[in-house]
Amino acid sequence: MSEEDYVRLENVAVTYGRDAAHAVTALDETNLRIGKGDFIALVGPSGCGKSTILKMVGELLAPTTGHVFVAGREIGANPIRIGMAYQNPTLLPWLTVRDNVMLPLKIVPPFRQHFRAKRRSEYRDRVEALLEQVGLGGFGDRYPWQLSGGMMQRANLCRALVHDPDLLLLDEPFGALDQFTREELWAVMQDLWLSKRLTVLLVTHDLKEAAYLANRICVMSARPGRILDDSPVAMPRPRTIEMTFEPDFVALNQRLRTMIVGARGGAPGHA
């Protein structure tokens, strides 16, 4: 494993079902390398194994064959701090926004050992700083049911980041939002990444989102999934919505779309 690799999948495959007659191969033999501080997007047809890769990296699923390494060790060999954000914010309705964001500090070591002593001082300040950074300053005392969908997702991102994760895993976190809110949150996510230089793995169906946020985009085939293409995104940062209408950005999206349509075996008009 290269010293520059923070995450590495080596010949990884995932098959569901023990009965050979009914077994389903979700992910074919796959290799993937992610450097520390990289922002990688996985795109491809539904059911191609994008979320399967995310779950393996997040220690939620073991590969059937092959090996997954994070921070130089095979998964499970040593603990790492992981932040996760999904399409559904899953904020607890009986807790304030501040207390929802603070939850990882109550659970994750080494923060939990000091939670009682620091929850009203250092930890509160940490939460308030994050809320301010994502545009939720002054909303810490509100409850989730008092927020819009976009505001809840901003709080969800804060909760995923509050414990200084080594790795951030994003599974369609903006997929349920309207286009304008989604674009606002792309800018928020880009600002967070630029300020913290997190290692991020994003699963998305939105090719524009992938090109806006990622340093590299990996295109996957239909099931059984495998990585067909792994290419850098050459556009400079910070990126803007205006840039998404420029010829290079449009050409990148069209290239990705053509590959995914080909991977599905469909006609371009039906992607």
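Summary table below
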read-out: Odd one out for Arg223, checked against (1) farther than 21 Å from Arg239 by Cα; (2) open to solvent by 10 Å² or more (accessible area, probe 1.4 Å); (3) in contact with a Gly (Cβ under 8 Å, 6 or more places away or on another chain); (4) outside any loop (DSSP other than H, G, I, E, B); value: (4)
read-out: Unique match (being crowded, with 19+ Cβ neighbours inside 10 Å and modelled with pLDDT under 95) among Leu198, Leu177; value: Leu198
read-out: Unique residue being within 16 Å of Ala160 (Cα to Cα) and not small (Gly, Ala, Ser) when the list is Gln113, Gln133; value: Gln133
read-out: Residues of the stretch 95-110 that turn out to be over 15 Å from Asp164 (Cα atoms) and touching a residue at least 40 places away in the same chain (Cβ under 8 Å), as a count; value: 5
read-out: Count - residues of the stretch 226-244 that are of a type in the set (A, V, I, L, M), part of a loop (DSSP other than H, G, I, E, B) and closer than 23 Å to Leu185 by Cβ; value: 3
read-out: Positions within the stretch 201-220 being open to solvent by 10 Å² or more (accessible area, probe 1.4 Å) and either more than 20 Å from Glu246 (Cβ to Cβ) or touching a Cys at 6+ places or on another chain (Cβ under 6 Å) (or both), in sequence order; value: His205
read-out: Number of positions in the stretch 85-127 that are over 23 Å from the mean Cα position of the chain (by Cα), surrounded by 12 or more Cβ atoms within 10 Å (Cβ to Cβ), under 26 Å from Trp186 (Cα atoms) and acidic (Asp, Glu); value: 0
read-out: Of all residues making up the stretch 42-67, the number that are open to solvent by less than 70 Å² (accessible area, probe 1.4 Å) and within 18 Å of Pro165 (Cα to Cα); value: 4
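The values are calculated or read from the model by the stated rules, or taken from the named source; none is laboratory data. Keep in mind that what you see is a predicted model, and the values were worked out from it rather than measured. We place every Cβ from the backbone using ideal geometry, glycine too, and count neighbours over all the protein chains shown. Calculation scope for accessible area: heavy atoms of the full protein, side chains included, ligands and nucleic acids excluded. Shrake-Rupley method; radii C 1.70, N 1.55, O 1.52, S 1.80 Å.
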